[in-house]
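The values are calculated or read from the model by the stated rules, or taken from the named source; none is laboratory data. As the structure is a computational prediction, the values presented were derived from the model and not from experiment. Here the Cβ positions follow ideal geometry from the backbone for every residue, glycine too, while neighbour counts run over all protein chains shown.
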Amino acid sequence: MEAQMRLVQRAPSRTVVAAVVAVTLVAVPAPASAGPGAVGRPGEPPKTPTAHGYGGAVSTVDPTATAIGLDVLRRGGNAVDAAVAAAATLGVTEPFSAGIGGGGFLVYYDARTRQVHTVDGRESAPAAMREDSFVDPATGTAYPFQQARVSGLSVGVPGTLKTWHEALRRWGSRPLSAALAPAAEVAERGFPVDATFRQQVADNAAAFAQFDATRSLYLPDGQPPAVGAVQRNRDLADTYRQIARQGIGAFYTGPIGADLVAAVRRPPVAADPTAPWQFPILAGGLTRTDLAHYALRFPAPTRSDYRGYQVYGMSTPSSGGVAVGEALNILERFDLSRLTVTEALHHYLEASALAYADRNRYVGDGTSRRILAELLDDRYAAERACRLDPARAAPKPVPPGDPDGRYGGCGTALAGAEGNPGQSTTNLTVADRWGNVVEYTLTIEQTGGNAMVVPGRGFLLNNELTDFTFVQPPGAAPDPNLPAPGKRPRSSMSPTIVLDGDGRPFLALGSPGGATIITTVLQMLVNRIDLGMSLPEAMAAPRASQRNSAVPQAEPAFVSGYGTALAALGHPPFVATAELGAATAVEFTGRHGLVAAAEPVRRGGGAAGVVLPAR
Ligand code: GLU
């Protein structure tokens with residue numbers, strides 16, 4: 001139930017994005033990562049949303065994870081080493097967003113081969129999953145979202161640990177044990193609780209109260225931990241250390257996995273829940289065989305050429321790459337740089353809606369390569385662009401297109417707008433030397449996942465399978481995202497790496513935010529590439545999300561800044577949403593220069609750092 005309906009039923013979850021960049025493995029001095037004016041909680045490294053410099057960069061939502069990633073880079077580790085160490089730390093300090101109980105997508109640019117690779121570590125449905133698994137047999141209708149979420153039914157086979165292991169094996173220079181060690185130390189030593197962490201527990205208090213292991217970890221004395229309290233997780237420290245010693249078999253075929261499967265099949269509901277829960281807590285069908293058979297996939301990245309850049313994204317089961325790519329292809333028919341900001345935003349919103357119509361109709365795990373290729377074809381984009389009236393918003397929802405390979409083509413390409421990326425080479429900023437790049441989005445789906453900490457193991461389980469469409473809507477075209485055994489639920493995660501016309505890294509970015517991830521990434525690209533903003537400006541700018549809906553969302557500053565002007569172009573009123581996304585990004589500038597950017601305000605602000613700050 002990953003589409004818009006769910007968004008009104010829940011608080012936005014906090015997928016974590018860790019963007020990590022290393023340049024070369026030359027020894028570099030170890031200056032402070034943060035610049036002047038950096039702030040931080042007591043007992044925590046300072047955090048700053050923007051850092052300029054050289055030698056490698058890390059941007060995450062969390063200062064401890066960023067500091068650990070930077071430390072790996074300083075000690076000669078590469079981007080993958082640092083990304084995995086940072087991700088493992090986020091599993092400790094951002095446990096409601098990410099961890100080894102979940103999944104994610106990693107996009108990697110290999111500087112040596114100049115290739116972009118992807119890792120699909122998305123959770124998969126167990127063999128026992130059926131198309132009607134989310135239908136209540138008692139009523140014949142879909143389970144309420146919260147009932148499906150806080151259950152064993154929603155737990156997909158986690159791919160995160162395998163992602164870390166395999167990324168290190170293929171591209172890293174250190175073993176998984178080295179990446180897990182600093183995170184285990186943070187888990188044991190503890191870290192200070194901040195207002196976001198406390199609020200996330202408060203928002204989940206009733207669900208967390210249903211399970212002893214979750215309650216004892218996150219509801220000490222029955223209450224969320226106080227801001228400034230030290231949060232420890234010794235079980236997770238032990239889990240990481242056991243995996244470090246024994247390998248990932250301890251999880252996928254060993255005792256940790258056995259405990260995980262037991263929790264799914266017999267949810268460890270407290271005998272005396274300290275808060276009421278309105279639903280029975282259902283068991284899931286995940287087995288040790290499902291866990292043992294989990295396999296990563298390595299799909300070719302999606303690619304869209306946009307104004308001379310090569311935009312690489314994540315293919316299915318994520319819809320991120322194809323939706324961002326199609327929207328960019330549509331936008332490329334128009335010269336946004338010549339428009340007013342309102343007009344450019346109008347184009348952005350309309351292109352988002354068109355791409356979303358196609359994503360909802362055609363994209364899921366198992367969409368054919370032919371359809372994916374058609375959706376990313378410029379001739380298809382030209383046909384879709386016919387529906388984008390530069391002067392008037394189309395009534396929503398707009399219908400999907402027909403990616404059948406036969407295109408009438410209105411919307412002639414702008415001169416020089418696209419074509420062979422090599423032709424654009426000279427038009428673009430080029431650096432003479434770049435490093436490896438990792439863009440990685442990982443999640444346990446909802447903030448707090450399915451609310452079950454695996455007893456004795458210290459990590460939360462995902463509820464990723466609620467990203468499936470629960471039931472085929474009657475009378476509608478077949479939904480590509482219905483549950484099936486072994487299938488992966490459609491995602492919106494959009495880890496994106498942009499290369500310039502010479503094939504060298506220009507920008508890497510991604511964000512959490514459920515279905516709004518696609519629009520956040522798209523809007524940041526438009527801000528940066530078309531609207532002349534710097535990367536920190538493109539990140540900070542107020543966001544809107546039009547996902548082919550008559551009730552689009554926007555942040556309050558967007559509504560006050562552009563709402564009236566966009567209404568005059570026919571856009572429906574925006575539903576004000578406090579925050580959309582929590583992005584991280586790195587831009588490559590000039591000769592080895594780097595700009596690392598995190599959110600200045602959203603989610604309490606993120607932490608960006610570089611190995612060698614510019615003076
Ligand atoms: N489960 C969501 C997806 O894969 C991500 C969770 C979120 O960021 O809200 O699209």
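Table for the structure above
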| read-out | value |
| --- | --- |
| Where Ser151 falls short, out of the listed (1) modelled with pLDDT of 95 or more; (2) crowded, with 24+ Cβ neighbours inside 10 Å; (3) assigned to a helix (DSSP H, G or I) | (3) |
| Residue selected from the range 483-517 under the condition within 16 Å of the ligand (Cβ to nearest atom) and aliphatic (A, V, I, L, M), by the criterion farthest from Tyr312 (Cα to Cα) | Ala515 |
| Residue within the range 486-498 that is surrounded by fewer than 24 Cβ atoms within 10 Å (Cβ to Cβ), modelled with pLDDT under 95, not aromatic (Phe, Trp, Tyr) and not in a helix (DSSP H, G or I) present | no |
| Residue check for Thr66: in contact with a Lys or Arg (Cβ under 9 Å, 6 or more places away or on another chain), assigned to a helix (DSSP H, G or I), buried (at least 24 other Cβ atoms within 10 Å of the Cβ) and polar (S, T, N, Q) | yes |
| Candidate set from the range 119-144 (those that are of a type in the set (A, V, I, L, M) and assigned to a loop (DSSP other than H, G, I, E, B)); member that is farthest from the chain's Cα centre (by Cα) | Ala138 |
| Flag if Thr441 is among the hydroxyl-bearing types (Ser, Thr, Tyr) and assigned to a helix (DSSP H, G or I) | no |
| All positions within the range 529-547 that are more than 16 Å from the ligand (Cβ to nearest atom) and within 23 Å of Ser315 (Cα to Cα) | Ile529, Gln546 |
| Complete set of residues in the range 243-284 that are within 28 Å of the chain's Cα centre (by Cα), buried (at least 16 other Cβ atoms within 10 Å of the Cβ) and over 23 Å from Leu465 (Cβ atoms) | Ile243, Ala244, Gly247, Ala250 |
| Conditions (1) in contact with a helix residue (DSSP H, G or I) (Cβ under 9 Å, 6 or more places away or on another chain); (2) over 21 Å from Val84 (Cβ atoms); number of the one not met by Thr163 | (2) |
| Cβ pairs under 8 Å, 6+ apart, first in the range 476-500 and acidic (Asp, Glu), second within 15 Å of the ligand (Cβ to nearest atom) | Asp479/Gly364; Asp479/Thr469 |
| Filter result for Pro552 (farther than 30 Å from Gly102 by Cα and away from the ligand (no atom under 16 Å from the Cβ)) | no |
| Checklist (1) surrounded by 21 or more Cβ atoms within 10 Å (Cβ to Cβ); (2) closer than 27 Å to Thr118 by Cα; (3) within 21 Å of the chain's Cα centre (by Cα); (4) of a type in the set (A, V, I, L, M) applied to Leu296, failing item | (1) |
| Qualifying position, being surrounded by fewer than 17 Cβ atoms within 10 Å (Cβ to Cβ) and not aliphatic (A, V, I, L, M), among Pro224, Pro220 | Pro220 |
